[in-house]
Amino acid sequence: MSSILDYRILPVLVIRDASLTSDLARVLIDSGLPLVEVTLRTDESWSALEAIVKSEELTVGIGSVSQESELRRALDLGVKFAVSPGFSPELFSIAQQLEIEYIPGVATPSEILNASRMGAQNLKWFPAKALGGVPALRAASAPFPKINFIPTGGLDLSSALEFLKEPNVRQVGGSWMLEEEWLAKRDFVAISKSITESLARISSEI
């Protein structure tokens, strides 16, 4: 998990054309952010995941996980981590048994409490913007000083920077660098520029 959290941004990919994955992997690597969460939100997700894990320089995870079968299939493909939008004790236990790095999602103090009681140390705070942003995270996380949060959902670079200034946030998840419009147009120059600018801003301001 430490190698995943070394990067302050976790790019979240919603892919509708699996043929993009090879070029996209190269852009992520060359731009200095060799990390990606491929979400299970489209019909192309599994095909994209199967293709992108072949890039040895890229750390690939699977997102939107809700079933044990998805965890097992992803692990067989060689993914390094898995992320869920919510918290399921059963799914968390299965992930532990499979020994895959797993980041469950939480939105309430009760979910944080249940996850921490099971040993979770890294939790996705989702949907970060809709939940109320930084003030909401501060309030909900105050009783849990040892938990690291990964705010995700509706973020842009500006809101990501605000979250990253919080002591209990080592990383944020976001898709602002992988906008669907850019992907549809295969505008890898725009994607690369956004990644580079985001990393530069974080380096200078955090």
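Quick look at the numbers
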quantity	calculated
Where residue 136 falls short, out of the listed (1) in contact with a Pro (Cβ under 9 Å, 6 or more places away or on another chain); (2) without any contact (Cβ under 8 Å) to a residue 24 or more places away in the chain	(1)
Hits in region 50-95 - residues which are assigned to a helix (DSSP H, G or I) and basic (Lys, Arg)	72, 73
Residues of region 3-45 satisfying the condition of being out of contact with any Ser or Thr (no Cβ under 9 Å at 6 or more places or on another chain) and among the hydrophobic types (A, V, I, L, M, F, W, C)	5, 20, 24
Of the criteria (1) in a helix (DSSP H, G or I); (2) within 20 Å of residue 149 (Cα to Cα); (3) touching a residue at least 12 places away in the same chain (Cβ under 8 Å); (4) among the polar types (S, T, N, Q), which one residue 47 fails	(2)
Some residue of region 168-184 being on the phi < 0 side of the Ramachandran plot, assigned to a helix (DSSP H, G or I), polar (S, T, N, Q) and in contact with a helix residue (DSSP H, G or I) (Cβ under 6 Å, 6 or more places away or on another chain)	no
Any chance residue 55 is in contact with a Gly (Cβ under 6 Å, 6 or more places away or on another chain) and not aromatic (Phe, Trp, Tyr)	no
Test set (1) under 21 Å from residue 191 (Cα atoms); (2) buried (at least 16 other Cβ atoms within 10 Å of the Cβ); (3) without any contact (Cβ under 8 Å) to a residue 24 or more places away in the chain - residue 82 fails condition number	(1)
Total residues in region 163-183, condition without any contact (Cβ under 8 Å) to a residue 40 or more places away in the chain and surrounded by fewer than 16 Cβ atoms within 10 Å (Cβ to Cβ)	4
Those residues of region 153-182 which are polar (S, T, N, Q) and under 13 Å from the mean Cα position of the chain (by Cα), in sequence order	171, 175
Residue identified as assigned to a helix (DSSP H, G or I), under 26 Å from residue 11 (Cβ atoms), among the aliphatic types (A, V, I, L, M) and in contact (Cβ under 8 Å) with a residue 60 or more places away in the chain among 115, 160	160
Filtered residues of region 56-87 (kept if among the hydroxyl-bearing types (Ser, Thr, Tyr) and farther than 11 Å from residue 103 by Cα)	59, 66, 69
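Every residue, every condition in (1) in contact with a helix residue (DSSP H, G or I) (Cβ under 6 Å, 6 or more places away or on another chain); (2) surrounded by 14 or more Cβ atoms within 10 Å (Cβ to Cβ); (3) closer than 22 Å to residue 174 by Cβ, yes or no:
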{"residue": "69", "(1), (2), (3)": "no, no, no"}
{"residue": "88", "(1), (2), (3)": "no, yes, no"}
{"residue": "109", "(1), (2), (3)": "yes, yes, no"}
{"residue": "115", "(1), (2), (3)": "no, yes, yes"}
{"residue": "124", "(1), (2), (3)": "no, yes, yes"}
{"residue": "133", "(1), (2), (3)": "no, yes, yes"}
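We did not get these values from a lab; they are worked out from the coordinates using the rules stated. All of these numbers come straight from a predicted model, not from anything done at the bench. As a convention, Cβ positions derive from the backbone with ideal geometry for all residues, glycine included, and neighbour counts pool all protein chains shown.
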